[in-house]
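As structure tokens, the structure follows; a few thoughts come after it.
Read-outs throughout are calculated quantities, based only on the coordinates presented, and are distinct from any laboratory measurement. Quantities reported herein were computed from a predicted structural model and do not represent experimental measurements. Because the Cβ atoms are built from the backbone with ideal geometry, glycine has one as well, and the counts that use them run over all protein chains shown.
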Amino acid sequence: MQLDLPSSITTASSLDSADLRMSRLRALRGPNFWRLSPVIACDVSLGTLEGVTTDRLDGFSRQLLELLPTLEQHGCSAGGPGGFAAQVTSGTRLPHVLEHVAIELQSLAGPQVGFGRSLQSGDEEVWWVIVAYEEEELGLAAMAEAVRLVQACIDGVSYDIRRVVRDLRDRYDEARLGPSTAAIVEEARRRNIPVRRLNSSSLVQLGLGANLRRIQAAMSDFTSAIAVDIAQDKHETRRVLEGIGLPVPEGRATRDLEDAARAASDIGYPVVLKPLDGSKGRGFSGGLPDEAALRRAWPRCAGSSEQMVVEKFVEGRDYRVLVVGGQFVAVAERIPARVVGDGRRTVKQLIAGTNQDPRRGSGHERQLTRIAADEGVMDHLAGQGMGLESVPVTGQIVSVCATPNLSTGGTAIDRSDEIHPDNITACELAAGVVGLDIAGIDVVTPDISVPFRQNGARIIELNAAPGLRMHTHPCEGTPRNVAAPIVDMLYPPGTRSRIPVIAVTGTNGKTTTVRLLAHLFRARGKRVGFTTTDGLYIGNRLVMEGDMTGPFSANIILSNPTVEVAVLETARGGLLRGGLGFDDADVGIVLNVSSDHLGSDGIHTLAQLAAVKAVVPAVVMREGHAILNADDPLVLAMREKTTADVVLISTREAGENLDFEEHVERGGIGARIEKGAFVIRRGRLRIPIAAAADVPLMLGGAARFQAENVLAAIAAAYVQEVRYDDIRSGLLSFFPSPAMTPGRVNLLRVGNAHVLVDYAHNSAAVAAIVALSGALPARRRIGVVTVPGDRRDEDLRDVGRIAARLDHVILKEDADRRGRPEGEIARLILEGMREAGGDGRHEVVLREADAVERVLSTLEDGDLAIVLAENVGAVLAQIRPRVSNATFA
């Protein structure tokens, strides 16, 4: 897209004091609430501009469209070019303008992105502006610049659009993958191999977990470090090749100029001079006819190199042969940068004209690289008796660079169909003896179609991580998909690039389900990586402690080459703030949707919360399985959001859930409780797994809420082809203990009383725990109760109404009150207890440790205490010294 940009524009505005305020800017790197691919999300406050449309801002639309005339091409809701411009002129909201400007700035810098949304967040005076991006750094910069540009149009002040677009283009060129890496990544994606960029350079992971591979440009994790060392030492490379009879030029390694002069005299002029460990033509001299030329070239070529190679100059054409996995792939003839005289312009002007070719850019950003009129060029011209101000005659070809490298402005012609078979064998031998899995072999020969032994050809050097651009984008000849054999080498036919990825979301039960699934897969001998709200685990080892339910922790698991199965707890916060940490999943589980964290991050209703969690089934692969709770209407509705096979679970008995019955009758897979037993259903097939009363998690059937978690785990294991007997044995060997499920229904015996420790932190979870306490035998039921302070006031009161069912309540508060003043959480819970008539049976002990000590000191024989813990580890450690040998009821 071309844009005739003005340098700047100044107009007047009637709202000079009005300010946009960008309160939060972030990149969501995976599927997210707004889109199943990466987006930039910007929170914008309009202040006095809230409700103001663009038609009320004097000169706004004129300045905006003069700064960015290409906005005229945006169709927007009008459906054709000019639609957005018409809306700006007639009047539209400023967030809508920001969306389009951020998209257009990215497009002007390079990548063509088209998706954008702007909507009210639900939080007072805060708008969400969402746009797609290709390169994260560019997307963030474009969004920030869009705010500045729109503010300039509001204020009617000058804005240097030329500089901004130039800077954004530079950011894009610096941030995007180089051509070699990009070619391999594109080929991997064509094969549906997961791709994860690991840094801001070209380090990329292909595949997942135990099946991952890493590349950096055309170097892989198969590449031998010894082979790279040999290839980087040009003198050593020559000795290795010479040792198996391959043709190489005579040469010698030298440490100083005088030694180099002696070596050149012994070898015989002309010679070339190059750093022992040089690359991309840096420090390469070209042919030096005599000692005087050698001495002139030494300072420029030697630079900071400790050793230089003096080598016999070989006449001929320069070729780069690519060998991958020991097999010939392609060959390109490399032509050094040159210009053709017209009898009028100087060499300098001819270089400038050549650089106007739209195929040329900085570095590796385009098919060709611009020619730099630097010292090396001047020295090379001097060797031909010319300079930058020389005027070549019409038709005169002037070589302006000694090296043929594309990085110095050279061009390439594909010669893959011309190379002689004997030469292919020689190059494969060269790559093999050095040990490079991906080798670029530089050959100088008069004709690549003639055997090397017949025409004086020489192998000049071998290159690790050879550039692929000359093969994928030659200036002449057939482009070669050289990335395909590289991907074939990394993933031979039949080799898996993925590991099973199971994502678990819902309001309650996620951690227990994740831990149970990890237990089932470990029982099969698999090394499982899993994430929970209390930590990140690989195998049985806690690797990182804390809430690990977001994309950061998922990335750690999926980037670990020892992990064979990934089970990932996926919470709303990570989805909203960073997106998913993976692009797709084999199994997506949604347990339930109930009131939790409503009122934060712009999520105010259960329907919105369900839309966030629906991202998980939406990213399940078509051949995968979305496991949904048929008893929860919000979850059941998510079957419309997935293209995967749907698996339903239900805690209701046969005939009580018609949606489940219809699903199974149509041949669908389901899991439910039938006559007190967990069963798998598939059409008429009925597979009993275990009696509910026998499963330790169910606490003899008292913990009814655990049924959802057990059924989800059974269903996930079944679709992942775990044997029925293994599922059953796994269920029967998994206990709700501090070791297996810390803070999840840990029932501990203290003397002749019991203490139930649980992380319940919302109304539904608290109600389930209180109901469980009612199903367990107890003389008196005492609760140590709180929930986090970032719940709505009404949610806190609802917890109080639930707690009022207990015989006695000790109200505490978390150490992190989420912005609430001390005592406010307890007061609101108490208000709910009073509404339910239970306020007379309470006391307030705000500090968690003190509240736990208080309940322990008051326990009598037959009592049951419930502790809703914030710091689960500390609470369990506080109780442990008082626990009797009979730890579990």
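Here are the numbers for this structure:
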{"read-out": "Percent breakdown of C-alpha pair distances by 10 Å bin, ordered from the shortest bin, for region 421-555", "value": "9, 25, 18, 13, 16, 13, 5, 1"}
{"read-out": "Estimated FRET transfer efficiency when R0 is 51 angstrom, pair ASP839-ASP277 (beta carbons, to 0.05)", "value": "0.05"}
{"read-out": "Top positive-direction residue, dipole computed over the chain with Cβ charges, set ILE680, LEU516, LEU20", "value": "ILE680"}
{"read-out": "Percent breakdown of C-alpha pair distances by 5 Å bin, ordered from the shortest bin, for region 197-342", "value": "2, 8, 13, 17, 17, 14, 11, 9, 5, 3, 1, 0, 0"}
{"read-out": "Cα-based shape type of region 765-889, given that a ≥ b ≥ c are square roots of the gyration tensor eigenvalues and the cut on a/c is 1.5", "value": "oblate"}
{"read-out": "The chain, relative contact order in percent, only Cα pairs under 8 angstrom and at least six apart counted", "value": "9"}
{"read-out": "Evaluated over region 120-245, the Cα radius of gyration and Dmax, each in Å", "value": "22.6, 78"}
{"read-out": "Gyration tensor verdict on region 123-164 (Cα atoms; rounded if a/c is under 1.5, prolate if a/b is larger than b/c, oblate otherwise)", "value": "oblate"}
{"read-out": "The chain: translational diffusion in µm²/s, Stokes-Einstein, Kirkwood Rh over Cα pairs, 4 °C, 1.567 mPa s", "value": "40"}
{"read-out": "Surface/4 of the Cα convex hull for region 579-678, nm²", "value": "7.1"}
{"read-out": "Order by protection proxy (mean Cβ within 10 Å, highest first), peptides 408-415, 810-817, 195-202", "value": "408-415, 810-817, 195-202"}
{"read-out": "Packing rank of 819-829, 114-124, where each peptide gets the mean count of other beta carbons within 10 Å, highest leading", "value": "819-829, 114-124"}
{"read-out": "Value in Å of the Kirkwood radius, where region 686-774 supplies the Cα pairs that are averaged", "value": "14.1"}
{"read-out": "Computed log₁₀ I(q)/I(0) - Debye formula, equal Cα scatterers, no solvent, region 531-648, q 0.09, 0.18, 0.22 Å⁻¹", "value": "-0.25, -0.96, -1.28"}
{"read-out": "P(r) weight above 22 Å for region 186-279, C-alpha pairs, percent", "value": "51"}
{"read-out": "Sorted largest first, extent of region 588-741 alpha carbons per principal axis (Å)", "value": "43, 40, 28"}
{"read-out": "Global form of region 293-379, assessed from the alpha-carbon gyration tensor, a/c cut-off 1.5", "value": "oblate"}
{"read-out": "Whole-angstrom Cα spans of region 367-437 along principal axes, big to small", "value": "47, 25, 25"}
{"read-out": "Pairwise Lys count, the chain - Cα closer than 30 Å, eight or more residues apart or different chains", "value": "14"}
{"read-out": "Protection-proxy order for peptides 219-230, 26-37, each taking the mean of Cβ atoms within 10 Å per residue, highest first", "value": "26-37, 219-230"}
{"read-out": "Computed over region 319-474, Kirkwood Rh from alpha-carbon pairs, angstrom", "value": "16.6"}
{"read-out": "Total charge dipole magnitude, the chain, about the Cα centre, Cβ charges on Lys, Arg, Asp, Glu only, Debye to nearest 20", "value": "1460"}
{"read-out": "Stretch gain in nm, segment PHE222-GLU50, where the contour uses 0.36 nm per residue and the Cα spacing is subtracted", "value": "56.2 nm"}
{"read-out": "Förster radius 30 Å - calculated FRET efficiency between THR425 and GLU236 (Cβ-Cβ, nearest 0.05)", "value": "0.85"}
{"read-out": "Extended-chain gain in nm, criterion 0.36 nm per residue less alpha-carbon gap, ARG684 and ARG62", "value": "217.1 nm"}
{"read-out": "Directionally averaged projected area (convex hull, Cα atoms, region 751-816), nm²", "value": "4.7"}
{"read-out": "Cα-centred dipole magnitude for region 390-457, charges only on beta-carbon of K, R (+1) and D, E (-1), debye, nearest 20", "value": "260"}
{"read-out": "Modelled FRET efficiency - R0 22 Å, GLU291 with GLU389, Cβ distances, 0.05 increments", "value": "0.20"}
{"read-out": "Which of LEU634, SER305, MET740, positive extreme of dipole for the chain (C-beta unit charges)", "value": "MET740"}
